[in-house]
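Scroll down for the structure; my scribbles are underneath it.
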Amino acid sequence: MAESQKRQGTSGKQKSNVFILLRSTCKSCFIRRFVLVHKEDWERYQRKEGLVQDIFPYLLASERDMLITQICEKCLPESEYDT
């Protein structure tokens, strides 16, 4: 998939270049993690307009899980990310 197609997402319109740096602290180890997302995607996620993997396809699975659970990839069972 071309880079421009990834940025456009499912709606087909070009995303703005406005980003939000999200900060989340792991509930288990208390280490702070940061994730950079498009502002428009974060607003869609807050409005519950879709699944996290559909709204943030450019994030790693561990980053999406951190948004959902507030538990980092080191504290989740490693089997969660085995393919």
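Read-outs throughout are calculated quantities, based only on the coordinates presented, and are distinct from any laboratory measurement. Treat the numbers as computed from the prediction; the structure is a model and nothing was measured. Virtual Cβ from ideal backbone geometry, glycine too; neighbours counted across all protein chains shown.
Side notes on the structure shown:
- Applying a threshold of 8 Å to beta carbon distances and a minimum spacing of six or more residues, or different chains, the list of pairs starting in region 34-45 at a residue that is free of Cβ contacts under 8 Å to residues at least 60 places away in the same chain and ending at one that is among the acidic types (Asp, Glu) and assigned to a helix (DSSP H, G or I) reads 35/63.
- Restricting attention to region 22-43, the residues being within 11 Å of the chain's Cα centre (by Cα) and in a strand (DSSP E or B) number 6.
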